[in-house]
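S.K.: Attaching a single structure in structure tokens format; questions to follow.
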Amino acid sequence: MPVSFGSDYRQWSQSLYRRLYQALMTIAELEDTEAIVRYLMNALVEDAAPPYAIITGARAYRRVNGVYRLFAKVGQAGPVPIGFEVPVDYPPVQKAIRRGWVLMRATDPDFDPRIEDVVGVQTYAAIALGPRREFLVSFTLHEPVPDEEIVYALAAIRQVADMVLRHRELYTFIEQAREIQQSLLPREVPDFPGYEFAFLSRPAESVGGDVYDFIPVSRVILGVLIADAIGHGLPAALQARDIVIGVRMGVEEDLKIVRMMEKLSAVLRHVSMGSRFTPVFYAEIERNGNVIYVNAGHVPPFILRAEAEAPAQFLTVGGPVLGLPMEVAYQRSFERLRPGDLLVLYTDGIPETRNPAGEEFGVQRLVEVVRRHRTEPLTDILERVFEAVDVFRDGLSQEDDQTLILIRKGEGP
């Protein structure tokens, strides 16, 4: 029969939720999922002796193939040995998986003495945790148990634990994606005599959608890639990764840059079902200064000539963004870098930065900042640009990934 504890229960309930809150402050910092479950289990088992305690023991199981295997226990958890296995198809377990919790007594028809006698408890509650219900935590309960109140408590415990476990899984996934992405990005300037290089990328989140690469095509040709997957975060990062891999494969196969762009666009179209698009700029720079490029919907890079009065020359020829749900054609174009000329590649996170008044930083401000410092070391120019962008946004958060690449032609053939 359900029992109401009245004011005694309210004190117990307040104590339980206080311990749950304190546990949340700690388990949010733990990295190992089993450690999270262990800590939560230990925090909720009560030190007081019956009748002043309801949760007197706990057991933690992890799903392995078709069973839940015991890996930890605390308090009055019964004589059950570590490693004991409960079948996933055991009816109380199935109930916990379906609705997240179960409350069982020895009088319930699903209570199987062949299993529960080994565990050594007569009344228990269990919660299934994790995105795929990979954990099961069973609590030994001391009668009389207030059914309605304990169900509320189980729901709160499960919700908090699930939130932390899901957050941990997502964090781990994002960290893995970030490591993959970072492994693809160049860490050192390319070894390409006759040119200076500097680059910097600032993601808006821990994983960004901007990507860039320097690809040796031959001893006298260097491929330069910059791309900006729409949006930012994990989906954009994975899309950007596909771009880098696709371009590297195209170079390995000696594809002409127009054919490479057309083929890569088709691949992205099939992978994303035509729902995610990526602006890409790819150029091949020859030691003698010749530049062949295709601009696939990317904000146009520009060349500042060595002559101070020369206007910025934007590289716009190419075609639409990659990944459109249709076959597209691209064009290539040619430019030539002379000694002292500066090639500036960037993503739209820089010109689209807004100030508190809603005004955009704009491409023209970017051109002016680079022009003002064009004769300085390239790393100093990078610093000046990002300083100007940060001053412009005046304390507003960075809303998009920001990448800037500078390439300057030195003296020589």
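S.K.: So for region 58-69 (the condition being more than 18 Å from Ile150 (Cα to Cα) and touching a helix residue (DSSP H, G or I) at 6+ places or on another chain (Cβ under 6 Å)), does at least one residue qualify? Steps first, please.
M.R.: Taking region 58-69 and keeping what is more than 18 Å from Ile150 (Cα to Cα), we get 60-69.
Okay, now just the ones that are also touching a helix residue (DSSP H, G or I) at 6+ places or on another chain (Cβ under 6 Å), so 60.
The answer is yes; a qualifying residue exists.
S.K.: Mind listing whichever residues of region 270-299 are free of Cβ contacts under 8 Å to residues at least 40 places away in the same chain and either open to solvent by less than 40 Å² (accessible area, probe 1.4 Å) or assigned to a strand (DSSP E or B) (or both)?
M.R.: Scanning region 270-299 gives Val294, Asn295, Ala296, Gly297.
S.K.: Where residues in region 51-106 are of a type in the set (Val, Ile, Thr) and in a loop (DSSP other than H, G, I, E, B), which of them is nearest to Glu34 (Cα to Cα)?
M.R.: Going through region 51-106, the residues of a type in the set (Val, Ile, Thr) turn out to be 54-56, 64, 67, 74, 80, 82, 86, 88, 93, 97, 102.
If we keep only those that are in a loop (DSSP other than H, G, I, E, B) as well, we get 54, 80, 82, 88.
Working: Ile54: 24, Val80: 19, Ile82: 14, Val88: 19 Å.
Among those residues, the one meeting the criterion is Ile82.
S.K.: Out of (1) over 27 Å from the mean Cα position of the chain (by Cα); (2) in contact (Cβ under 8 Å) with a residue 12 or more places away in the chain, what's the single condition that is false for Glu399?
M.R.: Against the list (1) over 27 Å from the mean Cα position of the chain (by Cα); (2) in contact (Cβ under 8 Å) with a residue 12 or more places away in the chain, Glu399 comes up short only on (1).
S.K.: Here are the criteria: (1) closer than 30 Å to Leu345 by Cβ; (2) modelled with pLDDT of 75 or more; (3) surrounded by fewer than 19 Cβ atoms within 10 Å (Cβ to Cβ). Tell me which single one Phe199 does not satisfy.
M.R.: Of the numbered conditions (1) closer than 30 Å to Leu345 by Cβ; (2) modelled with pLDDT of 75 or more; (3) surrounded by fewer than 19 Cβ atoms within 10 Å (Cβ to Cβ), the odd one out for Phe199 is (3).
S.K.: For region 332-341, check the following and say yes or no: at least one residue is modelled with pLDDT of 95 or more, aromatic (Phe, Trp, Tyr) and closer than 20 Å to Phe197 by Cβ.
M.R.: Checking region 332-341: not a single residue is modelled with pLDDT of 95 or more, aromatic (Phe, Trp, Tyr) and closer than 20 Å to Phe197 by Cβ.
S.K.: Can you tell me which residue in region 141-155 is modelled with the highest pLDDT, limited to those that are in contact with a helix residue (DSSP H, G or I) (Cβ under 9 Å, 6 or more places away or on another chain) and open to solvent by 10 Å² or more (accessible area, probe 1.4 Å)? Don't jump to the end; show me each part of the working.
M.R.: At the first step, the residues of region 141-155 found to be in contact with a helix residue (DSSP H, G or I) (Cβ under 9 Å, 6 or more places away or on another chain) are 141, 146, 149, 152-153.
With the extra rule that they be open to solvent by 10 Å² or more (accessible area, probe 1.4 Å), the set shrinks to 141, 149, 152.
On the way: Leu141: 88, Glu149: 72, Tyr152: 73.
Only one residue fits best here, namely Leu141.
S.K.: Looking at Ile215, is it open to solvent by less than 60 Å² (accessible area, probe 1.4 Å), more than 25 Å from Asp390 (Cβ to Cβ) and at pLDDT 90 or above? If you could, list the steps in order and put the result at the bottom.
M.R.: On the way: open to solvent by less than 60 Å² (accessible area, probe 1.4 Å): yes; more than 25 Å from Asp390 (Cβ to Cβ): yes; at pLDDT 90 or above: yes.
Here the answer is yes, as Ile215 does meet what is asked.
S.K.: If you scan region 70-93, which residues turn out to be closer than 25 Å to Pro146 by Cβ, free of Cβ contacts under 8 Å to residues at least 60 places away in the same chain and open to solvent by 40 Å² or more (accessible area, probe 1.4 Å)?
M.R.: From region 70-93, those closer than 25 Å to Pro146 by Cβ are 73-78, 91-93; that's our starting set.
This time we only want the ones that are free of Cβ contacts under 8 Å to residues at least 60 places away in the same chain, so: 73-74, 91-93.
Residues satisfying the conditions are Lys73, Pro91.
S.K.: Within the group Arg133, Arg114, Arg158, Arg99, which residue is out of contact with any Leu (no Cβ under 9 Å at 6 or more places or on another chain) and surrounded by 15 or more Cβ atoms within 10 Å (Cβ to Cβ)?
M.R.: Values: Arg114 fails: surrounded by 15 or more Cβ atoms within 10 Å (Cβ to Cβ); Arg158 fails: out of contact with any Leu (no Cβ under 9 Å at 6 or more places or on another chain); Arg99 fails: surrounded by 15 or more Cβ atoms within 10 Å (Cβ to Cβ).
Of the residues listed, the single one that is out of contact with any Leu (no Cβ under 9 Å at 6 or more places or on another chain) and surrounded by 15 or more Cβ atoms within 10 Å (Cβ to Cβ) is Arg133.
S.K.: Same structure, new question: If you check every pair at least six apart or on different chains, which have Cβ atoms under 6 Å apart with a residue in region 182-201 that is on the phi > 0 side of the Ramachandran plot and in a loop (DSSP other than H, G, I, E, B) first and a residue that is modelled with pLDDT under 90 and open to solvent by 30 Å² or more (accessible area, probe 1.4 Å) second?
M.R.: What qualifies is Gly194/Gly412.
S.K.: Given the condition in a strand (DSSP E or B) and either basic (Lys, Arg) or out of contact with any strand residue (DSSP E or B) (no Cβ under 6 Å at 6 or more places or on another chain) (or both), answer yes or no: does some residue in region 122-138 qualify?
M.R.: Residues of region 122-138 in a strand (DSSP E or B): 123-129, 135-138.
Narrowing further to those that are either basic (Lys, Arg) or out of contact with any strand residue (DSSP E or B) (no Cβ under 6 Å at 6 or more places or on another chain) (or both): none.
There is no residue in region 122-138 that is in a strand (DSSP E or B) and either basic (Lys, Arg) or out of contact with any strand residue (DSSP E or B) (no Cβ under 6 Å at 6 or more places or on another chain) (or both).
The values are calculated or read from the model by the stated rules, or taken from the named source; none is laboratory data. As the structure is a prediction and not an experimental result, all values here were calculated from the model. Virtual Cβ from ideal backbone geometry, glycine too; neighbours counted across all protein chains shown. Surface areas here come from the heavy atoms of the whole protein model, side chains and all, with no ligands, DNA or RNA. Shrake-Rupley method; radii C 1.70, N 1.55, O 1.52, S 1.80 Å.
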